[in-house]
Amino acid sequence: MSTNQMMQGRSWAARSLAALLAAFVLALSLPLLAFAQAASEPAAASAPAPAAAAVKPAVSEEATENPYGLQALWGQGDYVAKGTLVILVIMSMSSWYVIFTKVFEQRAMMKSGVRDSETFWKASSVNAGVGALKSGTAMHFIAEQGIKASDHHEGTMVEAIDKSTWITMSMDRAVGNVQSRLQDGMALLATVGSTAPFVGLFGTVWGIYNALVKIGISGQASIDKVAGPVGEALIMTAIGLAVAVPAVMGYNWLLRRNKRVMDLTRAFAGDLHNVLLAGKR
């Protein structure tokens with residue numbers, strides 16, 4: 001056998017051996033690839049699907065300060081506007097003070113009126129009844145004035161006036177004093193209720209005047225330049241109404257309660273007047 005034939009035989013054997021090795025490696029790798037594919041399918045199935053759209057970040061809404069509120073009105077207003085606002089605040093505080101104090105005073109007078117009437121008429125005499133009454137109450141004051149009128153009628157300058165007329169006059173003055181005490185503060189409520197809207201209207205007119213002056217100087221009449229100053233000026237009218245309405249309602253309510261107190265007082269004074277004229281002491 002020649003050398004060329006031997007070399008060709010060896011190369012063919014080498015190629016055959018390489019082909020066998022490649023087929024063996026391929027046969028081993030196919031099961032491994034199938035196992036790897038089967039293992040990767042559950043993992044892919046368990047993986048979450050990508051979001052269709054990215055979630056937009058939450059937009060935080062910041063609280064914006066009202067540029068046309070009371071704070072702006074106080075900060076941008078002149079001395080006249082601030083003075084008007086202070087006057088309205090004082091009027092409101094005064095009216096609420098009168099309302100609260102009168103309510104407590106009327107309640108105390110109604111309770112003492114009912115209690116004192118029962119206590120007085122259960123006594124054996126007028127002097128004993130007056131002594132049983134609490135000092136400082138309306139009933140005690142009226143009874144005391146009636147007894148004084150009955151005691152000091154004889155031997156004085158008023159002797160020319162008959163006893164009945166003199167006792168009647170003294171009792172009427174005592175009842176009038178009680179009524180005058182009940183009317184304390186009512187004039188303030190009436191004044192606040194009738195003038196507070198006009199004070200607020202004055203502040204509105206002054207604010208609109210200043211707003212128009214500023215708009216005329218700037219030369220801009222857009223809605224943002226007009227709405228702010230005019231809106232601030234209109235707040236004065238709203239404040240004036242807020243001050244006046246409670247004052248008017250409180251005045252009418254307290255006036256009705258005063259009538260109830262005076263009905264008790266006049267009834268007691270009338271009965272006592274008749275007892276004193278009868279000479280019962």
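Read phi for every residue in region 111-116 and hand back ³J(HN,Hα) as whole Hz from Karplus 6.51 cos²θ - 1.76 cosθ + 1.60, θ = phi - 60°, with x for Gly and Pro.
Per residue, the Karplus-derived 3J(HN,Hα) values read 5, 5, x, 5, 5, 5 Hz.
For GLY185, enumerate residues with amide H under 5 Å from its amide H, sequence gap 5+ or separate chain, H modeled in the peptide plane.
Amide H to amide H, under 5 Å and 5 or more residues apart or across chains, GLY185 pairs with nothing.
With θ taken as phi - 60° and the coefficients 6.51, -1.76 and 1.60, list the Karplus ³J(HN,Hα) couplings across region 136-150 in order, rounded to whole Hz; mark glycine and proline as x.
Result, ordered by residue: x, 7, 5, 5, 5, 4, 5, 5, 5, 5, x, 5, 4, 5, 6 Hz.
Tell me the net charge near LEU254. Cut-off is 12 Å between Cβ atoms, LEU254 excluded, with +1 for each Lys or Arg and -1 for each Asp or Glu.
Result for the neighbourhood of LEU254: +4.
Taking the mean number of other Cβ atoms within 10 Å as a proxy for protection, how do you rank 233-242, 89-98 from highest to lowest?
Top of the packing list down: 233-242, 89-98.
So how far apart, in nm, are the two label points at ALA242 and MET110 if each is 7 Å from Cα heading toward Cβ?
3.0
For region 160-166, in order, what is each residue's ³J(HN,Hα) by Karplus, 6.51 cos²θ - 1.76 cosθ + 1.60 with θ = phi - 60°, in whole Hz (x at glycine and Pro)?
5, 7, 5, 4, 4, 5, 5
What does the C-alpha gyration tensor say about the overall shape of region 231-274? Classify as rounded when a/c is under 1.5, otherwise prolate if a/b is larger than b/c, or oblate.
prolate
Any chance you could check the Cα centroid distance between region 113-152 and region 156-222 for me, in angstrom?
Each part reduced to its Cα centre gives a spacing of 34 Å.
Multiply the residue gap between ILE161 and SER135 by 0.36 nm, knock off their C-alpha separation, and tell me the result in nm, one decimal place.
Additional length available on full extension: 6.4 nm.
Go through PHE141, PHE104, PHE202, PHE268 and list them by solvent-accessible area, largest first, probe radius 1.4 Å.
Reading off the accessible areas and sorting them downward yields PHE104, PHE202, PHE141, PHE268.
Which distance in nm do the two modelled labels at VAL103 and LEU277 give, with both placed 7 Å along the Cα-to-Cβ direction?
Taking the simple label geometry, VAL103 and LEU277 are separated by 4.1 nm.
The values are calculated or read from the model by the stated rules, or taken from the named source; none is laboratory data. These numbers were taken from a predicted model, which means no experiment stands behind them. Please note: Cβ atoms are built from the backbone with ideal geometry, for glycine as well, and neighbour counts cover all protein chains shown. Surface areas here come from the heavy atoms of the whole protein model, side chains and all, with no ligands, DNA or RNA. Shrake-Rupley method; radii C 1.70, N 1.55, O 1.52, S 1.80 Å.
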